[in-house]
Amino acid sequence: MTVGVVLVSHSVLLADGAAELAREMAPDVVVRCGAGDVDGGLGTSLERVQAALADTLGQVDDVVVLADLGSAVLTVETAFEVDESLVRRARLVSAPFVEGAVAAAVTAQQGAGLDAVAAAAEGAVASIGRPGPVLELVETSGTGGAAGTEIVGETVAVVRAPEPAPAGPVVPADGVIARVTVRNPLGLHARPAAVLARAVADLGVPVTVGGVDATSVLQLLALGATGGQELEITARGDRAEVAVAAVVGLIEGGFGEV
Amino acid sequence: MTLDVAWSERWVRRSAEALSGARVELTELDRQIGDGDHGENMHRGFQAVLAKLDDGAERTQVGHVLKVVATTLMSSVGGASGPLYGTAFLRAAKVTERDDLDASSVVVMLEAALEGITTRGKATTGEKTMVDAWQPAVDAAARAAQDGADPVTVLQAAAAAADVGATATIPLVATKGRASYLGERSAGHEDPGARSTALLLGAALAAALTDEVPAA
């Protein structure tokens with residue numbers, strides 16, 4: 001079973017940007033946009049939404065649909081009314097547009113079914129709108145700066161935790177635990193988090209990183225793990241040792257960025 | 001006058017004419033409490049419907065024409081009014097697959113349109129939306145039909161009630177749609193969707209009162 005993602009937005013730029021982000025983290029997932037009015041200006045068009053749905057459903061079994069402002073939602077519902085057969089294979093979720101798109105795509109990349117992908121998108125609301133880790137724009141400097149980066153004169157987005165990450169959970173009897181230091185200068189940002197989540201999902205072993213479910217990109221991002229920070233890795237089950245070693249290897253390897 | 005397929009085509013042409021004439025007024029209303037595109041969107045939508053009607057396809061029933069209106073508005077009107085009016089005309093088309101409308105069919109058509117709008121927009125009366133024009137129109141039409149009025153008189157009752165309903169949105173505070181972002185500041189302005197509803201139903205009446213077709 002494969003699930004694709006359709007992004008419906010008033011803005012072509014907005015949808016394309018969210019799709020770009022989702023594809024970066026889930027390269028094998030079909031992500032299509034139904035955005036803009038008939039001429040590509042701000043608005044929504046039933047034809048564009050229908051085309052995106054048809055294109056996606058031509059390649060995958062089911063599709064999760066995210067929409068931005070009110071009339072984008074109405075347009076999707078209208079598409080379902082015009083062609084009632086769509087409802088069996090397409091589901092409109094109530095989710096934050098960007099976070100939901102990323103969560104849906106990453107979950108779909110892991111081979112999950114429609115229910116799980118929809119739930120991931122809707123669960124993404126938990127990652128926004130509450131105090132805790134925040135996304136900050138940081139002006140980098142040539143001297144390394146606080147984040148230890150060597151990029152000169154660029155603004156980058158990093159997730160920062162206002163407080164130290166919480167301690168890891170109690171490790172069960174059959175568990176394995178290890179500690180590893182994040183080597184990426186920008187910390188566990190979007191791309192490494194996605195790589196890590198995919199790898200852990202492929203392993204099929206329950207793993208926590210910094211106390212959170214390591215298959216969840218959004219939870220990993222919310223850790224706000226910065227470069228140099230130590231993280232606790234735990235796993236349990238038959239292949240716990242292999243899984244922890246693999247995760248430690250990935251993090252120590254710097255995800256190809258260092 | 002019979003409310004047949006020729007009437008429904010005249011309704012479309014009268015609507016296009018009315019919306020073309022009101023595009024500045026509607027856009028101005030929408031600029032005050034919305035995003036300022038309602039006049040342009042409705043004008044563009046009905047011009048697209050006119051182009052579709054000129055494709056030469058044979059249409060024998062009222063519902064055939066209303067279906068063209070529905071699908072064209074859905075595709076060509078950006079913003080919420082596309083799906084809202086599109087769904088209204090789609091539902092109306094489904095219940096008017098007949099050669100002409102009697103008094104009760106007019107009521108059924110208006111009820112179906114209102115139901116489409118409330119299904120899609122989840123709005124009810126008093127929220128400063130197009131429902132505040134549609135609901136009194138449906139109620140007035142139903143009363144007229146019950147009193148034994150002919151189909152044209154039923155339309156007249158609906159159009160008059162929609163006009164009153166639209167005007168009555170002026171003091172309301174919006175709680176649905178884009179205008180609700182303004183809260184109390186939305187009071188004092190007429191809702192553009194309610195006004196365009198009144199224009200559409202007024203066009204339906206005008207098309208029933210005379211055979212004349214406005215110049216495109």
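The values are calculated or read from the model by the stated rules, or taken from the named source; none is laboratory data. Quick caveat, the model's predicted, so the values are computed rather than measured. Here the Cβ positions follow ideal geometry from the backbone for every residue, glycine too, while neighbour counts run over all protein chains shown. For the accessible areas, the whole protein counts, side chains as well, though only heavy atoms, and no ligand, DNA or RNA atoms are used. Shrake-Rupley method; radii C 1.70, N 1.55, O 1.52, S 1.80 Å.
At-a-glance table
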{"quantity": "Dipole of the stretch B:3-209, positive direction: furthest Cα of B:177, B:157, B:137, with charges on the beta-carbon", "calculated": "B:177"}
{"quantity": "Label-to-label distance, nm, for residues given as residue B:55 and residue A:1 (7 Å Cα→Cβ offset)", "calculated": "3.7 nm"}
{"quantity": "Among A:243, A:112, B:206 the positive-end extreme of the charge dipole of the protein assembly as shown (Cβ point charges)", "calculated": "A:243"}
{"quantity": "Cβ neighbours within 10 Å from other chains - mean over B:69-78", "calculated": "6"}
{"quantity": "Shielding by partners - mean other protein chain Cβ count within 10 Å, residues of A:38-49", "calculated": "5"}
{"quantity": "Lys, Arg +1 and Asp, Glu -1 on Cβ, resulting dipole of chain B about Cα centre, debye, nearest 20", "calculated": "620 debye"}
{"quantity": "Whichever lysines have a C-alpha closer than 16 Å to that of residue B:67, once near sequence neighbours (fewer than 8 apart) are set aside", "calculated": "B:52, B:94"}
{"quantity": "Cα-centred dipole magnitude for the stretch A:3-127, charges only on beta-carbon of K, R (+1) and D, E (-1), debye, nearest 20", "calculated": "160 debye"}
{"quantity": "Among A:51, A:27, A:15 the positive-end extreme of the charge dipole of the stretch A:1-107 (Cβ point charges)", "calculated": "A:27"}
{"quantity": "Solvent-accessible area per residue, Å², over the stretch A:3-127 with all protein chains present [probe radius 1.4 Å]", "calculated": "37 Å²"}
{"quantity": "All aspartates and glutamates inside 12 Å of residue B:176 as judged from Cα atoms, apart from same-chain residues fewer than 8 positions distant", "calculated": "B:127, B:132, B:191"}
{"quantity": "In the B-A interface, the accessible area buried, summed over both sides, Å² (probe 1.4 Å)", "calculated": "1400 Å²"}
{"quantity": "Pairwise label distance in nanometres, residue A:181 with residue B:28, each label 7 Å out on the Cα-Cβ vector", "calculated": "7.0 nm"}
{"quantity": "Other protein chain Cβ atoms within 10 Å, averaged over every residue that makes up A:69-81", "calculated": "6"}
{"quantity": "Principal axis dimensions, the protein assembly as shown - Cα atoms, whole angstrom, descending", "calculated": "85, 44, 37"}
{"quantity": "Where labels lie 7 Å past Cα in the beta-carbon direction, separation of residue A:252 and residue A:239 in nm", "calculated": "2.0 nm"}
{"quantity": "Convex hull of the stretch A:3-127 built on C-alpha atoms - directionally averaged projected area, nm²", "calculated": "6.4 nm²"}
{"quantity": "Computed lengthening from residue A:39 to residue A:51, 0.36 nm per intervening residue step minus Cα-Cα distance", "calculated": "2.9 nm"}
